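Novice: Okay, handing you the structure first.
The values are calculated or read from the model by the stated rules, or taken from the named source; none is laboratory data. Predicted model only: the values in this text are computed from it and were never measured. Glycine also receives a Cβ, built like all others from the backbone with ideal geometry; neighbour counts cover every protein chain displayed.
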Ligand code: AMP
Ligand code: ZN
């Protein structure tokens, strides 16, 4: 299996340190709002990666953190007069809901930052002992990047080029050296914080990932994942903290996905150009249509989101459902197509090509029982839940059947107003009818 590694900027052969185990850590959500579909694109590609690893016989031990403490959470909770936990919990639960709706496998562990404060303090103490960090007057602690010779190896930035990261507020950085980043930030007596040897404060953003990944997966990860915006400063700083502390390589592969964009710009909360799964559902589109849309682009390519492209993905998914419904019960997997499919996904997760192989197989001259088995095997990686559709002809209740016939009659008589009213009635009963060149196609509305 081949994967692009951002450390070498090359596609490399992937082998874990201790096969068949793969230690995989991916940065999780900051739970101050609902995840947007840009965040979810990243979680979808990571899920595909996990499934491909599993298909190759690996056992994936996966950890994803929940960032339940940061400045935005503190600010928003205070505005609402809630404790940070009361404020963030509904968003954490909404995140789990989104995972299920997108058919994403759950990581083995979802550690929360607030439950690891003691561990973070100990970790910072050991960095201080190694003289890799320093305490300033107000009780904040900073990492001294001049002491870590490999700083910049992931983002390939020369120290001279390092600027204060645009995404990170300047007060995350030290006044003594603007490139040094906060491990611990002092807070005022009335602010939300935790007691520490340096006074009341809260952890920096980067330390939580070093601490929680090593706590559950050991000093060296096989794979560290996220989106490309995390390369610098987040993952760079994680390397500095972790390798500074242990002297061991922190992660052997950094696998980072490209962004979901809107009108050529990154989808983000701050630009207010974002949508959530709730927006998708309110337009009667399925979350899995969004998953399908993500499968049509390679994870290292940007994907521009439009409602038209999502509708097209929904149509493709509907057609796929209709097609596989007519298949006979599963037979044997057609190895030739399965082999080509595997080759594509094993080549740095070339899922668009794998999808093309799936369609090639579906239109090939094969018994449908074979097609059924093969498409289900492929769907273990694609994760489109096709098992709910294969060999399951649509059961249309009599009541709906009657309305469909009346609608056909109305259409023949060119009474389109009546036909439209009937379509609405059919929809109320949970079915959607689409007119195609082959006549009306009916499907269940989810
Ligand atoms: P956050 O909740 O902001 O900490 O982000 C969670 C994950 O989503 C991180 O891996 C981010 O890098 C990723 N992410 C944020 N915006 C986008 C985007 N527009 N497209 C893809 N991934 C994103
Ligand atoms: Zn992280």
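Novice: If you check residue 26 against the conditions, is it within 16 Å of ligand 2 (Cβ to nearest atom) and either closer than 26 Å to residue 379 by Cβ or in contact with a strand residue (DSSP E or B) (Cβ under 9 Å, 6 or more places away or on another chain) (or both)?
Specialist: yes
Novice: Within the group 22, 31, which residue is surrounded by 22 or more Cβ atoms within 10 Å (Cβ to Cβ), away from ligand 1 (no atom under 11 Å from the Cβ) and not assigned by TED's automatic domain parsing to the domain that holds residue 351?
Specialist: The unique qualifying residue is 22.
Novice: Given the structure, is residue 122 more than 20 Å from residue 25 (Cα to Cα), away from ligand 1 (no atom under 16 Å from the Cβ) and within 17 Å of the chain's Cα centre (by Cα)?
Specialist: no
The rows are residues; the columns are (1) more than 17 Å from residue 121 (Cα to Cα); (2) touching a helix residue (DSSP H, G or I) at 6+ places or on another chain (Cβ under 7 Å); (3) not assigned by TED's automatic domain parsing to the domain that holds residue 155.
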{"residue": "196", "(1), (2), (3)": "no, yes, no"}
{"residue": "202", "(1), (2), (3)": "no, no, no"}
{"residue": "208", "(1), (2), (3)": "no, yes, no"}
{"residue": "212", "(1), (2), (3)": "no, yes, no"}
{"residue": "217", "(1), (2), (3)": "yes, no, no"}
{"residue": "225", "(1), (2), (3)": "yes, yes, no"}
{"residue": "228", "(1), (2), (3)": "yes, no, no"}
{"residue": "236", "(1), (2), (3)": "yes, no, no"}
{"residue": "245", "(1), (2), (3)": "no, yes, no"}
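Novice: Could you run through region 214-236 and say how many residues are part of a helix (DSSP H, G or I), within 14 Å of ligand 1 (Cβ to nearest atom) and touching a residue at least 60 places away in the same chain (Cβ under 8 Å)?
Specialist: The qualifying residues number 8.
Novice: Oh, and also: Could you pull out the residue among 81, 57 that is at positive phi, in contact (Cβ under 8 Å) with a residue 24 or more places away in the chain and surrounded by fewer than 17 Cβ atoms within 10 Å (Cβ to Cβ)?
Specialist: Unique residue meeting the criteria: 57.
Novice: Quick one: would you say residue 299 is touching a helix residue (DSSP H, G or I) at 6+ places or on another chain (Cβ under 8 Å), assigned by TED's automatic domain parsing to the domain that holds residue 376, farther than 30 Å from residue 432 by Cα and touching a residue at least 24 places away in the same chain (Cβ under 8 Å)?
Specialist: Working: touching a helix residue (DSSP H, G or I) at 6+ places or on another chain (Cβ under 8 Å): yes; assigned by TED's automatic domain parsing to the domain that holds residue 376: yes; farther than 30 Å from residue 432 by Cα: yes; touching a residue at least 24 places away in the same chain (Cβ under 8 Å): yes.
In short, yes.
Novice: Tell me which residues, restricted to region 98-133, are free of Cβ contacts under 8 Å to residues at least 12 places away in the same chain and not in a loop (DSSP other than H, G, I, E, B).
Specialist: Step one: of region 98-133, the residues free of Cβ contacts under 8 Å to residues at least 12 places away in the same chain are 100, 106, 115, 118, 122, 129.
Correct list: 100, 115, 118, 122, 129.
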